[in-house]
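The values are calculated or read from the model by the stated rules, or taken from the named source; none is laboratory data. The model shown is predicted, which means the values in this text are computed figures rather than measured ones. Neighbour counts are summed over all protein chains in view; Cβ atoms, including those assigned to glycine, are modelled from backbone coordinates with ideal geometry.
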Amino acid sequence: MDYIKWSQEYFLEAQKVLKAIENKKKKLRNASLDERHTINADIIRLRNIYYECMLTAKHLSERAGVMLDAA
């Protein structure tokens, strides 16, 4: 298994999720109260996915013997 490549794929997916979170935050500005609840719930779910992707990427990079260079 190529742990480095696998780690990078998880890291890239995490970046995509981060962009989706930013897009949801932009939608919050003009959302109604009901829409805000839904969007906030979506953001919470996306944050959980982001953190899981980052933890997995870190774990895989450590398994490969390299440190993931991400903030």
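What pairs come up if the first residue lies in the stretch 18-30 and is among the β-branched types (V, I, T), the second is outside any loop (DSSP other than H, G, I, E, B), and their beta carbons are under 8 Å apart, counting only those six or more places apart or on different chains?
Every condition considered, the pairs that remain are I21/I43; I21/L46; I21/R47; I21/Y50.
Of everything in the stretch 31-58, what is under 17 Å from A14 (Cβ atoms) and without any contact (Cβ under 8 Å) to a residue 12 or more places away in the chain? Give them in sequence order.
Result: I44, R45, N48, Y51, E52, L55.
So, in the stretch 1-42, of the ones that are acidic (D, E) and at pLDDT 95 or above, which residue ends up farthest from L60 (Cα to Cα)?
Selected residue: E35.
I'd like the full set of residues that are exposed (fewer than 12 other Cβ atoms within 10 Å of the Cβ) and closer than 29 Å to G65 by Cβ, limited to the stretch 17-52.
Selection gives N48 alone.
Scan the stretch 46-60 for residues that are basic (K, R) and within 16 Å of K24 (Cβ to Cβ) and report the count.
Number satisfying all stated conditions: 1.
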